[in-house]
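S.K.: Sharing a structure below in structure tokens format, with a few things to ask.
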Amino acid sequence: MACPDAELSILIVDDPKIGELNKKYLDRHGPTNVIAFPMRTGQFNNIAPQLLGDVVISIETAAREGEIADISMEERFTQLLVHGILHLLGYDHEKNKTQADKMEKKSNEILKLIKT
């Protein structure tokens, strides 16, 4: 991804905590699976250029979604982590279908590399 020296933080929380963050920062109600806080955009993006940002994952939601998808919680967690990192790198599936397809393709490429 052309970021060999990049840094990020990963915060693993429960549903109530990610619900608080979801409401406070995104004005959305309830828990979600992953939230990304990019540091390469906005007013202070040049303070630490190697810092991608923060990825927050609800472990409870990852476990539930893994069970629903009939995969392990660890596999679902990895999917969510890749998804969050892609958000930190500027991918956005909410803008339009083309962006969503591009993000899904990149995510699948990365997950395939991780599994081998």
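The values are calculated or read from the model by the stated rules, or taken from the named source; none is laboratory data. These numbers come from a predicted model, not from an experiment. For neighbour counting, all protein chains shown are included, and Cβ atoms are generated from backbone atoms with ideal geometry for every residue, glycine included.
S.K.: Quick one: what pairs do we get from the range 92-114, first residue at negative phi and of a type in the set (Gly, Ala, Ser), second surrounded by 10 or more Cβ atoms within 10 Å (Cβ to Cβ) and part of a loop (DSSP other than H, G, I, E, B), C-beta under 6 Å, 6+ apart or different chains?
M.R.: Close Cβ pairs satisfying both conditions: Ala100/His93.
S.K.: For the range 38-62, which residues satisfy the criterion of being out of contact with any Pro (no Cβ under 6 Å at 6 or more places or on another chain), at pLDDT below 95 and outside any loop (DSSP other than H, G, I, E, B)?
M.R.: Within the range 38-62, Pro38, Leu51, Leu52 qualify.
S.K.: As an exercise: evaluate Asp54 against (1) more than 16 Å from Val82 (Cα to Cα); (2) touching a helix residue (DSSP H, G or I) at 6+ places or on another chain (Cβ under 9 Å) and give the number of the one condition it does not meet.
M.R.: (1)
S.K.: If Ser9 passes every condition in (1) surrounded by 13 or more Cβ atoms within 10 Å (Cβ to Cβ); (2) at pLDDT 90 or above; (3) of a type in the set (Gly, Ala, Ser) but one, which one does it miss?
M.R.: Tallying (1) surrounded by 13 or more Cβ atoms within 10 Å (Cβ to Cβ); (2) at pLDDT 90 or above; (3) of a type in the set (Gly, Ala, Ser), Ser9 fails exactly one: (1).
S.K.: Same structure again: What number of residues in the range 16-32 are crowded, with 17+ Cβ neighbours inside 10 Å and either in a helix (DSSP H, G or I) or out of contact with any strand residue (DSSP E or B) (no Cβ under 8 Å at 6 or more places or on another chain) (or both)?
M.R.: 4
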